[in-house]
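In what follows, a structure is listed as structure tokens, so that the remarks can point back to it.
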Amino acid sequence: MTLMIVLGYFLVLIAIGMVAYRRVRHSTDEFFVAGRSLGTFVNSWAFIASLASGGSVMASVGSALALGFPFAAALVAGAPVGFVVASVLVARPLRRLGKYTVPDFFNSRFDSPMMRVVVPVLVVVASSAYIISQLKGSAIVAGHLLGWDYQTALWVAGLVFVLYVSIGGFLSVTWNDIFQGILLFSCMVGLGVAAFSAMGDFPTAWNATLEAYPALTGAADAHSTWSYVGAFLTWATAISVLPHVIMRVYSARNVRSARVSLNTAMLLYGVMMLIVAIVLVPAAATLLPNADVTDPDALFLTLADRVFGPVGQGVLAAAVLAAIMSTTAGLLMACNSAIGHDLYRGILRPQAGQKEVIRVTQVATWVIGILCILLAINPPEFLIVLYTAAVALLASAFFAPMVLGIWWRRTTAAGAGAGMVGGAVLFGLAFTMDLPTSSEVLIGLPASFLLTIAVSLVTSSGRDDDVRDAWLATQATDEAAADAEPTR
Amino acid sequence: MSRAMPTATRGEIGLLVGITALAAVALTPLFDDVEIAGVALIAWLLWFTMVAAPVGGLILALRSKED
């Protein structure tokens with residue numbers, strides 16, 4: 001039964017990709033940002049599907065039991081805060097810019113030859129590390145649920161999402177994300193209800209949980225303070241520069257829709273995480289008395305096996321795969337657009353037509369997808385560390401130049417470039433040192449801010465900046481309709 | 001003549017300041033030993049921030065007149 005449901009789910013994904021293909025094959029606007037036509041409802045579900053990955057869903061219950069609520073809270077609270085930060089600091093300027101990718105912003109704001117190469121390359125490298133870890137997760141889940149061996153599960157799951165991304169572009173990713181987001185949220189609520197019913201009297205279960213896991217709710221001493229701050233700050237800043245999130249901002253129908261959907265999605269995500277904390281954690285502690293908390297992913301699936309019947313288990317399997325595949329597809333889209341749009345059309349062949357760019361992007365999707373599958377066959381031991389580092393690397397490199405570029409008049413191309421390269425290099429150096437987990441961003445991010453500001457102050461001539469003014473011209477279109485009471 | 005830079009509303013600035021203040025209090029080591037109902041203060045504050053921040057952001061976005 002589980003196998004039939006999952007195979008049916010894969011067929012639905014491919015069918016959606018084929019339908020989307022009919023709309024996107026002739027236009028880069030349609031292929032990269034779904035014609036900028038996505039409304040609030042659509043984007044809200046797509047945002048939640050993009051954020052909720054295998055790790056954040058499957059590992060949630062086991063991580064809370066193993067690491068305690070304080071560190072688990074620091075890990076999951078950063079992302080919702082990051083979406084709110086993005087909705088205030090970058091959503092409006094980026095949507096008004098009306099382009100396709102993160103590199104597009106830097107090109108428009110700074111017009112720097114160095115950034116034209118560095119930004120897309122960083123996007124491809126960091127996104128690929130993220131994709132490999134997600135692929136590994138999907139293969140493990142499919143293997144656990146369907147009994148497939150690791151390599152079979154990896155190739156089947158990998159090829160399904162590469163296929164629907166390559167043929168249907170961002171519209172296909174979005175339609176699939178809506179389906180996947182609703183499926184995931186419904187399953188988490190359903191699992192919460194089923195677990196709540198199964199665990200009996202709630203106060204008794206909660207007290208039993210505290211007795212069995214005394215470290216669960218205790219003082220925040222499981223990790224260094226710097227780990228808590230770093231874990232929170234990484235996601236609170238990275239969301240504003242994650243390429244697969246920013247593409248959704250560009251694809252929104254208008255500024256207001258982009259901002260409403262960013263916040264709505266995180267409210268739904270917060271509800272899911274509260275279900276985990278309040279219901280699923282005590283349910284796991286009560287219903288699985290001999291649980292092995294050293295394998296957090298398996299704990300989530302074991303709990304589902306305990307409270308769901310065969311159909312429920314099949315649907316949950318599809319939902320978990322949905323969580324992984326939606327994030328992976330968005331990242332693959334970020335990679336292929338960095339190659340097709342930013343590197344090929346932006347540098348190699350500026351005269352390329354829309355069909356040619358789409359064809360190159362489709363080829364890039366297959367090349368990156370298959371490379372990531374091959375690398376995921378024998379993933380390095382430190383892969384999970386690498387994936388967290390990839391997100392923190394993007395935050396260290398891009399957050400300061402982007403935010404200062406938008407809000408601080410005197411930011412120069414030299415300043416932004418210094419902040420970008422300096423933030424990335426210092427983050428890399430910190431990563432090689434023996435620092436507390438997740439704390440490397442606390443070196444890279446402040447360094448990036450300081451370098452951007454210091455070099456901008458030195459290189460700012462005080463004269464008019466034509467590139468900056470051209471960028472500002474894109475921001476003035478809706479000024480009359482903008483919010484009242486500006487303060488600066 | 002140079003164009004004006006983008007502007008933020010008082011509500012948006014207040015939201016960011018509020019999030020920063022909550023996160024700073026939650027993550028300050030001084031409060032490591034504070035517990036409410038047996039649960040560390042840091043966990044309470046971070047869970048609260050996780051829900052309060054999107055609620056605040058949503059209210060601001062819905063009140064916005066821009067399109």
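The values are calculated or read from the model by the stated rules, or taken from the named source; none is laboratory data. Quick caveat: nothing in here was measured; it's all calculated off a predicted structure. All Cβ positions, even for glycine, are placed from backbone atoms using ideal geometry, and neighbour counts span all protein chains on display. Protein only, heavy atoms only, side chains kept; ligands, DNA and RNA dropped before computing areas. Shrake-Rupley method; radii C 1.70, N 1.55, O 1.52, S 1.80 Å.
Identify, from the list B:A40, B:A8, B:A21, the residue that is crowded, with 21+ Cβ neighbours inside 10 Å and either farther than 17 Å from A:T264 by Cα or over 13 Å from the mean Cα position of the chain (by Cα) (or both). One residue alone meets the criteria, B:A40. Among the criteria (1) within 14 Å of chain B (Cβ to nearest Cβ); (2) of a type in the set (G, A, S); (3) within 30 Å of A:S60 (Cα to Cα), the one A:A424 does not fulfil is (1).
With a requirement of 2 or more residues that are more than 12 Å from chain B (Cβ to nearest Cβ), the helices (runs of 4 or more DSSP H) lying completely within the stretch A:23-97 that satisfy it span A:28-33, A:40-51, A:54-67.
Residues of the stretch A:442-474 being loosely packed, with under 15 Cβ neighbours inside 10 Å, among the small types (G, A, S), part of a helix (DSSP H, G or I) and more than 9 Å from chain B (Cβ to nearest Cβ), which ones? Passing the criteria: A:A454, A:A470. For the stretch B:24-37, taking the residues that are part of a helix (DSSP H, G or I) and more than 7 Å from chain A (Cβ to nearest Cβ), the one that is most open to solvent (accessible area, probe 1.4 Å) is identified as B:L30. Restricting attention to the stretch B:43-53, the residues being facing chain A (nearest Cβ under 8 Å) and surrounded by fewer than 21 Cβ atoms within 10 Å (Cβ to Cβ) number 1. In this structure, is A:Q351 farther than 30 Å from A:A72 by Cα and not in a helix (DSSP H, G or I)? Answer is yes for this residue.
Of the set (1) among the hydrophobic types (A, V, I, L, M, F, W, C); (2) assigned to a helix (DSSP H, G or I); (3) out of contact with any Gly (no Cβ under 6 Å at 6 or more places or on another chain); (4) open to solvent by 10 Å² or more (accessible area, probe 1.4 Å), all apply to A:I167 but (3).
Taking the stretch A:245-284 on its own, how many of its residues are open to solvent by 10 Å² or more (accessible area, probe 1.4 Å), more than 7 Å from chain B (Cβ to nearest Cβ) and not in a helix (DSSP H, G or I)? Of the residues in the stretch A:245-284, 1 are open to solvent by 10 Å² or more (accessible area, probe 1.4 Å), more than 7 Å from chain B (Cβ to nearest Cβ) and not in a helix (DSSP H, G or I). Take A:R96 and tell me if it is touching a Phe, Trp or Tyr at 6+ places or on another chain (Cβ under 8 Å) and farther than 27 Å from A:G230 by Cα. Spelling it out, it is not the case that A:R96 is touching a Phe, Trp or Tyr at 6+ places or on another chain (Cβ under 8 Å) and farther than 27 Å from A:G230 by Cα.
Of all the residues in the stretch A:409-441, those that are over 18 Å from A:W235 (Cα atoms), outside any helix (DSSP H, G or I) and open to solvent by less than 30 Å² (accessible area, probe 1.4 Å) number 2.
Residue-wise test of (1) facing another protein chain (nearest Cβ under 8 Å); (2) in contact with a Pro (Cβ under 9 Å, 6 or more places away or on another chain); (3) farther than 24 Å from A:W235 by Cβ; (4) part of a strand (DSSP E or B).
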residue: B:M5; (1), (2), (3), (4): yes, no, yes, no
residue: B:G18; (1), (2), (3), (4): no, no, no, no
residue: B:L22; (1), (2), (3), (4): no, no, no, no
residue: B:V55; (1), (2), (3), (4): yes, no, no, no
residue: B:I59; (1), (2), (3), (4): no, no, no, no
